[in-house]
Amino acid sequence: MRIGELARRTGTTARALRHYEQAGLLASERAANGYRVYPASAEVRVRNIRYLIEAGLTLQDVGFFAACLDGDIAAGEPSPEGLRVVEERLAVLEARIAAHTEARDRLRDALSRAAAETRAAA
């Protein structure tokens, strides 16, 4: 199937598919006219890539699951390396959330002080 059809079937964009291919997660052949042609099995692979990305993993993280991308990734038994990748990504996300929460609290405090000073000056 051509890239547009694969994009429609998987709810993604041709640009994302090219990105997945550039990252080594998806492969295509070239037709005589130069168009990318994907096997029917690419649909499952793309859905699994999207599943992992939507779960919070990066494309680099998804690469650790390359051997599993053609099956039912959600039902498969996780490998120790897969668990390690997910645990590391979770730690990164939790650190970012903590940093954003601290920044939000500082902004909230600064805004409250500024509002109180404005009321006191009025």
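Derivation of every value follows stated rules applied to the coordinates shown; laboratory data play no part. Only a predicted model underlies this, so the values are computations on that prediction, with no experimental measurement involved. Counting neighbours? That spans all protein chains shown, and the Cβs are built from the backbone with ideal geometry, glycine included.
Summing +1 for each Lys or Arg and -1 for each Asp or Glu, what net charge is found among the other residues whose Cβ lies under 13 Å from the Cβ of I3?
Its environment carries a net charge of +3.
Could you compute the net charge surrounding A40? Neighbours are other residues with a C-beta less than 15 Å from the C-beta of A40; K and R count +1, D and E count -1.
Every neighbour counted, the sum reads +2.
Compute the convex hull volume of the Cα atoms of the chain, divide it by the residue count, and report the result per residue in Å³ as a whole number.
In the chain, the Cα hull volume divided by residue count equals 154 Å³.
What FRET efficiency comes out for A95 versus H19 if R0 is 30 angstrom and r is the Cβ-Cβ distance? Round to the nearest 0.05.
It comes to 0.70.
Could you tell me which of G82, P39, A122 has its Cα farthest along the dipole of the chain towards the positive end, charges placed at Cβ (Lys, Arg +1; Asp, Glu -1), taken about the Cα centre?
A122
Taking neighbour counts of Cβ atoms within 10 Å as a proxy for exposure, in what order, fewest first, do V86, V44, V62 appear?
Ascending Cβ contact count within 10 Å gives the list V44, V86, V62.
Going by how many other Cβ atoms sit within 10 Å of their own, how do E5, E102 line up, fewest first?
Ranking E5, E102 by Cβ neighbours within 10 Å, fewest first, gives E102, E5.
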